[in-house]
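The values are calculated or read from the model by the stated rules, or taken from the named source; none is laboratory data. Quantities reported herein were computed from a predicted structural model and do not represent experimental measurements. Neighbour counts run over all protein chains shown; Cβ positions are idealised from the backbone, glycine included.
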Amino acid sequence: MFRLIYTMFKMRLFSPFGLYCLVYALYKYGINIMGLIAFAEKAYADKTALVDENETLTYKELLSQSKKISVILKEKYQLGRGHKVGFLCKNHSWLIKALFAVSQSGADIYLLNAEMSSSQLNNILERSDFRLIIYDFELNSLIEESSYKKDKILSYHDNLPAINNLHNQYLDESLDENIKIKRSSAGKLVLLTGGTTGNSKVAAHKPSLFNYLNPFVALINRLKLLKYNTAYIATPIYHGYGIAVLLLFMALGKKVIICKGFNLQKACNLIRKYNVEVATVVPLMLYKMLKHNPEDLKSLACIVSGGAELNPKIVQETFSKLGDVLYNLYGTSESGLNIIATPQDLRYSANTLGKKIKGVQLKILDENGNEVKVGEVGQFCIKTRWSMRNKSNSWVKTGDLGYRDKKGYYFLCGRVDDMIVSAGENVYPADVEQVLRNHTQIEDVAVIGISDEVFGQRLKAFVLPVENSNLTKEELLEWLRTRVARFQMPKEIVFVSHMPYTALGKLDRKQLK
């Protein structure tokens, strides 16, 4: 409680002006993300809020435009509580404005993966009765080829009907700065799990000022976010990681820079141009930027990695080229943020997820549902106040295998469905991956399970050698033999020229299998 109060004081929320801004926003708009931007507008007004490829908006402009869009959408589509609105958009300002606008209506917001296939979209459509879908023009064919026949509107377009055109149409009419907004409670914020490689599950979260205080305070304090002014969100907003940091940065009055999709050259240029201090990335993005030009990243004081497993080699390279600026987040779409690793934690072990944050209950269970001892591997099961709310059981089984050491640090050992049983022994591919990554001639590696007539299952390793490497399979097997147990030795090793990754930067093991 002391840390929470101290953080609120540092944010000036307990100052007379801060309290006024907060009470004003909650009274006028209710508890929803429009209320968050209303608080930010009162507190930061003419500070730059958002920068994308097409425009720069102050907090005052962002709120004003979001309010007008809210009224337009409500009048045109009669949006209200209980309705579902799907967003099929990449990162741009019209997505952000539409998110705030729909939240004010009380409708449920579904953040759909902009990289999903037609069959995956149809699977979601069969389970979700959308009142409206807001989508990017580039995804028009995906919508047109789907089974969806209800209301839809483009996020933005120069000529076709789109939110920006409706917005411009109303600018010269009766909507002015004194537009009346009815106070409301936010609907659910629904995230999709499962990435782009299979049919997604939904994880519904109820926005709550109080439920999210613990992760909010943990991010501010452990990442020292109050020290910085400019943040670049390279991760997709439709991912839980992306939307969470967006809302946090807005509440803190940061200048937030976004870009439609990740382009290596453009990302490095943005960081240099805007003197970015905080960047949110997935490990693959960071890896590419470090290889491209570390000089472009010199302004970064806080690199926040999440959404995928962090390769220890990336940790070491970041420390070597940029200093102690790397943080790692662990969480799931269902359970939200759970564990943070600071640079000091990553110095302790480049493999660690870090330590859990306040408010997280985390059990590590064996196959029978019993808690394992310290140092033993089991499945992470998590309970928090900010976890998903569409299950009767408040404990979330993450599907992730890992362990906790004696100092309270958590480590990941892969997914439950990745583990194999070889000659009666439980074998975790991630353990072998960690060993192989230490080889000086290996750039990246992925290990999967395959069937074996004698042992039941064995391991198969896909190895990406460093450029101009002359490493042979025989040499690698000989090197590995002294470093892993006999039952961990791969049956096969395959050298590859690249690794398959999803659009979110996760290794696509289904393609390997």
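Going through the range 439-460 one residue at a time, which ones are in contact (Cβ under 8 Å) with a residue 40 or more places away in the chain and part of a loop (DSSP other than H, G, I, E, B)?
Hit for the range 439-460 is His439, nothing else.
Which of the following residues is more than 27 Å from Thr235 (Cβ to Cβ) and either in contact with a Leu (Cβ under 8 Å, 6 or more places away or on another chain) or surrounded by fewer than 21 Cβ atoms within 10 Å (Cβ to Cβ) (or both): Val416, Val372, Val325? Give the steps one after another, and end with the answer.
Numbers: Val416 fails: more than 27 Å from Thr235 (Cβ to Cβ); Val325 fails: more than 27 Å from Thr235 (Cβ to Cβ).
Result: Val372 is the single residue among Val416, Val372, Val325 that is more than 27 Å from Thr235 (Cβ to Cβ) and either in contact with a Leu (Cβ under 8 Å, 6 or more places away or on another chain) or surrounded by fewer than 21 Cβ atoms within 10 Å (Cβ to Cβ) (or both).
Take Val463 and tell me if it is modelled with pLDDT of 95 or more and either outside the structural domain of Pro283 (by TED's automatic domain parsing) or in a helix (DSSP H, G or I) (or both). Steps first, answer last, please.
Working: modelled with pLDDT of 95 or more: yes; either outside the structural domain of Pro283 (by TED's automatic domain parsing) or in a helix (DSSP H, G or I) (or both): yes.
Judged against the criteria, Val463 is a match.
Is it true that Val421 is in contact (Cβ under 8 Å) with a residue 24 or more places away in the chain and either in a loop (DSSP other than H, G, I, E, B) or over 26 Å from Ile339 (Cα atoms) (or both)? Outline the logic, then answer.
Values: in contact (Cβ under 8 Å) with a residue 24 or more places away in the chain: yes; either in a loop (DSSP other than H, G, I, E, B) or over 26 Å from Ile339 (Cα atoms) (or both): yes.
Taking the combined requirement at face value, the residue satisfies it.
Does any residue of the range 343-364 turn out to be more than 29 Å from Ala301 (Cα to Cα), out of contact with any strand residue (DSSP E or B) (no Cβ under 7 Å at 6 or more places or on another chain) and surrounded by fewer than 21 Cβ atoms within 10 Å (Cβ to Cβ)?
We begin by selecting, within the range 343-364, every residue more than 29 Å from Ala301 (Cα to Cα); these are 361-364.
Those left that are additionally out of contact with any strand residue (DSSP E or B) (no Cβ under 7 Å at 6 or more places or on another chain): none.
No: the range 343-364 contains no residue that is more than 29 Å from Ala301 (Cα to Cα), out of contact with any strand residue (DSSP E or B) (no Cβ under 7 Å at 6 or more places or on another chain) and surrounded by fewer than 21 Cβ atoms within 10 Å (Cβ to Cβ).
Go through (1) without any contact (Cβ under 8 Å) to a residue 24 or more places away in the chain; (2) assigned to a loop (DSSP other than H, G, I, E, B) and name the single condition Ser320 misses.
(2)
Among residues belonging to the range 291-322 that are small (Gly, Ala, Ser) and out of contact with any Leu (no Cβ under 8 Å at 6 or more places or on another chain), point out the one that is farthest from Tyr238 (Cα to Cα).
Ser320
Starting from residues that are surrounded by 13 or more Cβ atoms within 10 Å (Cβ to Cβ) and over 35 Å from the mean Cα position of the chain (by Cα), keep the ones in the range 447-471 and report whichever is farthest from Arg415 (Cα to Cα). Even if it seems obvious, please write down each step before you answer.
As a first pass, look at the range 447-471 and keep what is surrounded by 13 or more Cβ atoms within 10 Å (Cβ to Cβ): 447-450, 452, 455-465, 469, 471.
If we keep only those that are over 35 Å from the mean Cα position of the chain (by Cα) too, we end up with 452, 455-456, 471.
Details: Asp452: 21, Phe455: 21, Gly456: 19, Leu471: 29 Å.
This residue is Leu471.
For the range 472-513, name all the residues that are crowded, with 17+ Cβ neighbours inside 10 Å, polar (S, T, N, Q) and over 23 Å from Met285 (Cα atoms).
Gln488
For Trp386, work out the one condition from (1) assigned to a strand (DSSP E or B); (2) touching a Pro at 6+ places or on another chain (Cβ under 7 Å) it doesn't fulfil.
(1)
Are any of the residues in the range 211-221 surrounded by 17 or more Cβ atoms within 10 Å (Cβ to Cβ), at pLDDT 65 or above, touching an Asp or Glu at 6+ places or on another chain (Cβ under 8 Å) and part of a loop (DSSP other than H, G, I, E, B)?
no
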